[in-house]
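Here the structure is laid out as structure tokens; the discussion comes afterwards.
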Amino acid sequence: MPEQRPDLVVGRLRRRLCLAVLVITCTTHFGIALPLLLANPEIYSSLARQRLAFAILVAVLVVAGARILRDRPLGWSRWVMVAAVFIASALATTGIPPADLVAEEEWSYGVIGWFLLLLTVEHSATTAAILLGLYTFVSFAQLVLVGQPHLIVDLVVVSTIVLGCELPVLAAAITLKRVASTALAAAADAERTGTADAIAEHLHADRRSRYADLGTTCIPLLTELAAGTADLADDRVRAAYAVAAARTRRLIVEHDDVEDPLTHELRACLDLAERNGVAVYLGTHGDRPTPPLRVRRALTEPVVRLMATAVSQARVTVLGTPTAVTVSVIADVGPEEPTGGQPSPDAGQEGIIVTWLADGPRVWLEATWQAEN
């Protein structure tokens, strides 16, 4: 069974909570409040106010319910509807005699809290709690203002019953928020751990790849050097060591975080020739794509081989177009150039086209890579 994302699971739970509050609100409004309103028209001092208050709540229920069923956020309209709920409550409680504010015929008190929960519980459990507290406080204050303080005890009983039904929903919303925060934090930690593991695995594989590259090039030469069997007087042997040293420098820098990796790696490959007294010019021209690592290795390999026998000066130019990269080299070389009068052994790798021309001690070489469209 595929693992589900915590944010999607939490989103579904929140939606189900909103749907549950919507069902409860519809049930209380049409199943409890409406029968009370229809059964006791004579008790209200203004039946028109009661009807208007009920109609306002129906409108709020229709708008909010439609958005919840379509899984759309209420947005700024939430606060307009909250204000409408308080207006409906004021109309309902001022349209009944003060002595009957806590009577069973006062239909609105057990309904308003559910509307407030419907509009705010998904947005913020704290906001819902504040609005429920404000509505309860206003209800008690109204009894005092209309001269009915003796009804406070009755209102305490009614409030206990009503809030006893509403507060568990609020507590569920608060718990859901905490669970969501914990789940999302755990998912973020797991993602960070997975990313760190993937990076570590990639670095380990990269180190093994580098070691394998060195094992086939540098280590045999170092073994011969340590054993004293290397003929350092031979120009070809010295060129082979120069090639191995340049490759090692390239391996060291090819994962550096730089803007132009190709030029950065070329500069590392040319550094040894400069240390040996070769005057090296490295220039770039034109915007170009950044080749992948394997392509950069194939582009720089002919340069490494040629520069291993450079004796006086060399000019290296990186030319670019939006779809191609060319590395061009003109160098004065010694009598034993690595190519031996033949194209580089790496010519054609990774789609690289290598062209070269020798004119006495001067050699011109060009390696071109064409990006795939």
Original post:
At ALA200 and ASP271, where each label point lies 7 Å from the Cα along Cα→Cβ, what is the point-to-point distance in nanometres?
Top reply: 3.0 nm
**OP:** Could you go through the range 289-303 in sequence order and give the Karplus-derived ³J(HN,Hα) for each residue, using 6.51 cos²θ - 1.76 cosθ + 1.60 with θ = phi - 60°, rounded to whole Hz, and x for Gly and Pro?
**Re:** x, 8, x, x, 4, 4, 5, 5, 4, 5, 6, 7, 4, x, 5
Original post:
Contour minus end-to-end for LYS177 and GLU372, with contour as 0.36 nm per residue of separation and end-to-end as the Cα-Cα distance?
Top reply: 65.3 nm
Original post:
FRET efficiency for THR317 and GLU191, Cβ-Cβ distance as r, R0 = 45 Å, nearest 0.05?
Top reply: 0.55
Original post:
Taking neighbour Cβ counts within 10 Å as the exposure measure, how do MET307, MET81 sort from fewest upward?
Top reply: MET81, MET307
Original post:
Check LEU282: other-chain or 5+ apart residues with amide H under 5 Å from its amide H, H built from backbone geometry?
Top reply: VAL316
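No value in this document is a laboratory result; all are computed from the given coordinates. Keep in mind it's a predicted model, so treat the numbers as computed, not measured. Note that we place each Cβ from the backbone using ideal geometry, even for glycine, and neighbour counts take in every protein chain shown.
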